[in-house]
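Since the structure comes first, as structure tokens, the remarks are kept for the end.
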Amino acid sequence: MTVAVDRRTTLAWLAAALSALPEAARGTGLEGTQWPTVTLKPVTAPGYGVDPDMSDPKVPWPLTLTAAERKAATALCDMILPADGTAPAASKLGVPAFVDEWVSAPYPNQQRDRKTIVAGLAWLDAESRRRSGKVFAASSMTQRAAICDDIAFKDRIKPGHEKPAAFFTLMRRLTLRAYFSTAEGWEQIGYLGNTPIDGPYPGPTPEALAHLDKIIAGLGLAAA
Amino acid sequence: MAVESYDAVVVGSGAGGAMAAWMLTRAGASVLMLEAGRDYDPAEAPMLNFTRDAPLRGVGTPDKDFGYYDATVDGGWDIPGEPYAMAEGTEFKWWRSRMLGGRTNHWARNSFRMGPYDFKPFTRDGLGVDWPVSYEEMAPWYDKTETIVGVYGNNPNLENHPNSGDGVLHDPPTPRAWELFLKAGAGKLNIPVVPARRAVLTRPVDERSPCYYASECGRGCAIGAAFQTTTSLIPQARATKKLTVRTDAMVHEVILDRAGKAAGVRFIDRKTGAQREARGRVVILAASTGETARILLNTKVAGRSEGLANSSGQLGRNLMDTVGADLSATFPALEGRPRYNEDGAMGLHMYIPFWLYKEQKAGKLNFARGYHFEVGGGFNEPGDLGGLDGYGAGLRARAQRAYGSTIGFTIRGEMIPNAKSYCEIDPVLKDRFGIPALRFHFGWTDQERAMVDHFHKTTQDIVTAMGGKLNKPPETADRALRKGGEIIHEVGTARMGADRRTSVTDPYGRCWDVDNLYIGDGAVFASKAHKNPTLTIMALAMRSADHIATRLRKGEL
């Protein structure tokens, strides 16, 4: 794996972690880790091109997250969609690898997201260290949840945490996309398509039509 | 290399070019089809391939604007080495396909006939110009086109939405639950929701199979259900042994003989850069609205500076696209509803046709032309589930509950030609072959802005009737309007007319200035009805080719 995050990123992360401590100790009320400044080496790998072999899709660009970032991303993806009953956790369905694939892609949208995600992962570990002395992935589930609770709900973002919240929103969007693209995700959400049908399209099931009748009546509408 | 010579040289392999070639080869003419892009086998279409296997889960990138699996190869909003310019203040997007079959490989297949008002808009409201043909003249050509293409839909007897001939249409697919819900909600406001018309088979036609109700049509349709020229017109024309296809042939100029008639075209082999020529008794340009205008504007005519076939000064003018804007809404009534396979024919089963012709005629609306709604929703393959809050078990439950509860509303409206919107040759910019590039000018007017405001208000009313909530409040019309060209319905740069002083071609697409030079694509549109243009491009090309075949037979060409 190519490590494209350079020394300066690591230093910025350390600085962020260190600067947070005395501030909290001073009890200014503005406790929290500053949003780290990251300087990333631009991704220069080529994309898949305008005429890729669609029957044999390949990701041609090298992955760029560091081992530490990948660990933090994995822990966060599993907070976003943990295992639940028969539903596998995000990391079991390759979601962290997808995040890595995404931030490493040589396209403008993905490169913009990369800045947010690399900085966000650094913030996550620094904030976790500030609170518990451990990086996010090594902290307890309760400690992880406490951080997520500050940044995961749009109506109650902790003051001053707008950037971490935007990072969380992006990670959630990518996690949902990757998770529900899998066979297990289709089963979880109930997507039953991509299945060729012989003969006419059958349309809604009797159960779906009964539900439709009920909602139409409930809104005082005339049946179609 | 010896210069090839044919009865007809057709430039372009999309809707117009392929239809012209199909008609002419059936009439016994020898045809050379020149396509700027690469050869394309519809078997390449990644039907049923999993989004999860594609890079970035298939999302659009600058390499593949409409997603990894979109049928368009070697094309899109930008083609490396083939730039175009925009005048200051203009935002215009120009979608080009560089492949056999052109844009027919990935289009939405929406196929609405233009109606009597649409061919005579000036007569109705005093704006723009009338077409030199009427709906009544076009009706049999629409029937013939729909029969070959295969279009599903029905005949609901709506004003300015003509019925098709008996037995022409294929049965429309059964409506999905969310479409029936929309019909009930819109019905409360007396807004019709009726079966859409799409060029998708629901019964077999020739070797083509009916739809199997899976796989996005935009990926291309290897089974031939969703119409594209690469599974129908082109192989059928080839089967006559009268068609020669040359791909990677970038036409840039019409060759004129001493008498000023078209003798053929010059093109560049995109692979080698070599200059080539092809000769024909008749030349049909169907390279797309932009490229056709570019070829004519780039053709030098002795003693003239305005290009070929431009004595009217209308070449490049009257550039129009469809009015586009989008809203989406979430409906609590649709949350957590029973699951079933809602892929259907992937695109529209139902839509909202324009329903306010009488009010418009009575002066009750502040815009002169029509629009329709295209709608999307249902249990689609999950992609961007954005908008959900929180994390963990609660997030999973919200995702499951919200799935299939959103409907997207899109306006497709008629733009009236205006003096601000045209294309011309850029004075300096050239492509990698040295061919002078186009420069676009584009602007909307109060007509289109008022239409978008009306769409916004109507959508809000429908959503309210259905107990839903817009996901975002509407923006101002100026902000909401999509860019010129973005709907990929650009037409009008070589309009047909009854008067050679104000139009580029006659009612058959024959250039007024050159007797054996025809235009067979969207460039000839005199107006841009809100109805999606591809079906009309094909019907016009068929009629034009019939006219050409008759003239070839009579020895006039």
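The values are calculated or read from the model by the stated rules, or taken from the named source; none is laboratory data. Being a predicted model, the structure only gives us computed values, none of them experimental. Using ideal geometry, Cβ is built from the backbone for each residue, glycine included, and neighbour counts are taken over all protein chains shown. The protein model used for the area step is the full one, side chains on, heavy atoms only, and it has no ligands, DNA or RNA in it. Shrake-Rupley method; radii C 1.70, N 1.55, O 1.52, S 1.80 Å.
For region B:19-123, the fraction of 1.4 Å probe accessible surface lying on carbon and sulfur atoms is 51 percent.
Taking amide H positions as modeled 1.01 Å from N, with prolines and chain starts lacking one, the residues under 5 Å from B:TYR403 and 5 or more places away or on another chain are B:GLY336. Other protein chain C-beta atoms within 10 Å of residue C-beta, averaged over B:380-386: 6.
Across peptide B:68-81, the average count of Cβ atoms from other chains found within 10 Å of a residue's Cβ is 2. Taken over chain B, the alpha-carbon convex hull comes to 150 cubic angstrom per residue.
Between B:LEU429 and B:ASP41, the simple spin-label model (points 7 angstrom out along Cα→Cβ) gives 3.7 nm.
Using 1/(1 + (r/R0)^6) with R0 = 56 angstrom and r between the beta carbons of B:THR272 and B:ASP206, what's the FRET efficiency to the nearest 0.05?
Details: r = 36 Å, r/R0 = 0.65.
Efficiency, rounded to the nearest 0.05: 0.95.
Excluding ligands, DNA and RNA, what is the accessible area buried between chains B and A, summed over both sides, using a 1.4 Å probe, to the nearest 100 Å²?
On the way: alone 22130 and 13700 Å², together 29440 Å².
The contact between A and B buries close to 6400 Å².
The calculated 222 nm mean residue ellipticity attributable to helices in chain A amounts to -17000 deg cm²/dmol, summing -39500 (n - 2.57) over DSSP H runs of n ≥ 4 and dividing by all residues.
Accessible area per residue for chain B is 34 Å², calculated with a 1.4 Å probe on protein heavy atoms, without ligands, DNA or RNA.
Can you compute the equivalent ellipsoid semi-axes for region B:224-336, i.e. the square root of 5 times each eigenvalue of the Cα gyration tensor, sorted largest first and rounded to whole Å?
Details: eigenvalues 284, 116, 34 Å².
Computed over region B:224-336, the values are 38, 24, 13 Å.
Comparing each chain alone with all protein chains together (probe 1.4 Å, DNA, RNA and ligands left out), the residues of region A:208-224 losing at least 50 Å² of accessible area are A:HIS211, A:LEU212, A:ILE215, A:LEU219, A:LEU221, A:ALA224. The slack between A:ASP56 and A:ASP155, meaning 0.36 nm per residue of separation minus the straight C-alpha distance, is 31.3 nm.
Taking the 1.4 Å solvent-accessible surface of region B:279-416 as the whole, the part contributed by carbon and sulfur is 48%. Averaged over the residues of A:174-183, the number of partner chain Cβ atoms lying within 10 Å of the residue Cβ comes to 6.
For a test of the definition: using alpha carbon positions, the gyration tensor, and the 1.5 limit on a/c, classify chain A as rounded, prolate or oblate. The shape class here is oblate. Each residue, B:ASP389 and A:ALA67, gets one label point 7 Å from its Cα in the Cβ direction; the gap between the two is 4.0 nm.
Here the simple spin-label model places points 7 Å from the Cα toward Cβ, and for A:ALA217 and A:GLN143 these points are separated by 5.6 nm. Annotation: the antiparallel percentage among DSSP beta bridges lying fully within chain B is about 65. Once the partner protein chains are put back, region A:53-83 shows a loss of at least 40 square angstrom of accessible area, versus the chain by itself, at A:MET54, A:PRO57 (probe 1.4 Å, ligands and nucleic acids excluded). Solvent-accessible surface, computed for protein heavy atoms with a probe of 1.4 Å, shrinks by 40 Å² or more for the following residues of region B:16-51 when the other protein chains are added to the isolated chain: B:LEU48. Normalising by residue count, the protein assembly as shown has a Cα convex hull of 172 Å³ per residue. Seen from all directions on average, region B:13-128 presents a Cα convex hull projection of 12.0 nm². Here the calculated FRET efficiency for B:GLU137 and B:LYS420, from their Cβ-Cβ distance with R0 = 41 Å, stands at 0.85, rounded to the nearest 0.05. Spatially, region B:175-241 and region B:90-131 are offset by 19 Å when compared through their Cα centroids.
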